[in-house]
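**Q** Please read through the structure below; I'll follow up with questions.
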Amino acid sequence: MAMESITNDHSPTEPETYINHSPVNQMQAPMHQKSIPLKRTRRSASVDSDYGILQKEESNWHVINADDVRQIALDERIDNAEKPMVLCSEEFIEREHTVKYLNVNDKERARRKAFKSLEEAQGQLQEAESFMRSMAVRVNHQGDKCPKPYYDAYSESIRNLEGARKRHDRAEMNLKALEYDAESGLQKYTETLERIEILNANIAESKRDIAKKIKGKRALHAKLAVLDILGCHKLDLVPTETLEMFCSSTSEVLKSVDGAMSEM
């Protein structure tokens, strides 16, 4: 009776088209005995042919099917979700390289070494100052009678003191530079690690968003496939193994749908 109803409602001489309408949104249960529009071309049942005939779309073929529009929109949404993920991934690689380049631990070791060098320079400066003072006292105490070796030793102590001061100043400047570099490097290192954590979260969120959109696209393809199968009149030509696999998969899908509906 369903076959006769379909044939009577839609005569092959008067093809019906569904331009700008989505078959997925119009999908109804077979018991309603209404013809189900398929995407692009659809098969119509006929008493003269088991295959039926292909109904043609209207002459304005340039009008895009609503389901095609929906698929294009899904593809664009997936592409738009992938673009920020790619940018985050590229920045993530760059930030990781920056962390390795900073070498915070190496800079801290260099700072400690410079601090030790400064302490040694301070000790040498104090010794040079003490020796110069002692020689100055001796020279002053001897006055004009001061032996020449004392004058020579005093002059040498002055030169040693000047050298010790220069070494101390260089060590002090080097330590300050390393401390500033280490401090700024540590700050940049911390900021980079925080940024890496944010990028990781953004990448994970993008992956979840893309997976959700891909799942929606697959659901649309499944609905369109159901419509195409409903319009097929020669399922007996399909290999038995393929049909069994299809029935098994369909059963699993229905179980999942029923389970989700019952939870709601």
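**Q** Can you tell me which residue in the range 94-133 is nearest to LYS176 (Cα to Cα), limited to those that are among the polar types (S, T, N, Q) and surrounded by 13 or more Cβ atoms within 10 Å (Cβ to Cβ)?
**A** SER117
**Q** If you don't mind, there's one more thing I want to ask. Pairs only if they're at least six apart or on different chains, beta carbon under 6 angstrom, first in the range 190-218 and over 19 Å from GLU82 (Cβ atoms) and in the same structural domain as THR98 (by TED's automatic domain parsing), second assigned to a helix (DSSP H, G or I) and modelled with pLDDT under 90; list them, first residue then second.
**A** THR192/ARG95; THR192/THR98; THR192/VAL99; ARG195/ARG95; ILE196/ARG95
**Q** Select from the range 120-176 the residues that are in contact with a Ser or Thr (Cβ under 6 Å, 6 or more places away or on another chain) and farther than 30 Å from ARG109 by Cβ and list them in ascending order.
**A** Once the filter is applied, which keeps residues that are in contact with a Ser or Thr (Cβ under 6 Å, 6 or more places away or on another chain) and farther than 30 Å from ARG109 by Cβ, the range 120-176 yields PHE131, MET132, MET135.
**Q** A further question on this structure: Find all pairs meeting these conditions: Cβ atoms under 8 angstrom apart; at least six residues apart or on different chains; first residue within the range 121-137 and farther than 10 Å from ASN160 by Cα and in the same structural domain as ALA153 (by TED's automatic domain parsing); second residue aromatic (Phe, Trp, Tyr) and crowded, with 18+ Cβ neighbours inside 10 Å.
**A** Taking only residues 6 or more apart or on different chains, the pairs are MET135/TYR154; ALA136/TYR154.
**Q** So the check is Cβ under 7 Å with 6+ separation or different chains; which pairs have a first residue in the range 78-103 that's more than 17 Å from SER206 (Cα to Cα) and in a helix (DSSP H, G or I) and a second one that's at pLDDT 80 or above and not aliphatic (A, V, I, L, M)?
**A** Here the result reads ARG95/THR192; ARG95/ARG195; THR98/THR192; VAL99/TYR189; VAL99/THR192; LEU102/LYS188; LEU102/TYR189, each pair linking the range 78-103 to a residue that is at pLDDT 80 or above and not aliphatic (A, V, I, L, M).
**Q** Say we look at the range 247-264 and pick out the residues that are at pLDDT below 85 and of a type in the set (A, V, I, L, M, F, W, C); which of these is farthest from LYS215 (Cα to Cα)?
**A** Looking at the filtered set, the residue picked out is MET264.
The values are calculated or read from the model by the stated rules, or taken from the named source; none is laboratory data. Worth saying up front: this structure is predicted, and the values here are computed from it rather than measured. Counting neighbours? That spans all protein chains shown, and the Cβs are built from the backbone with ideal geometry, glycine included.
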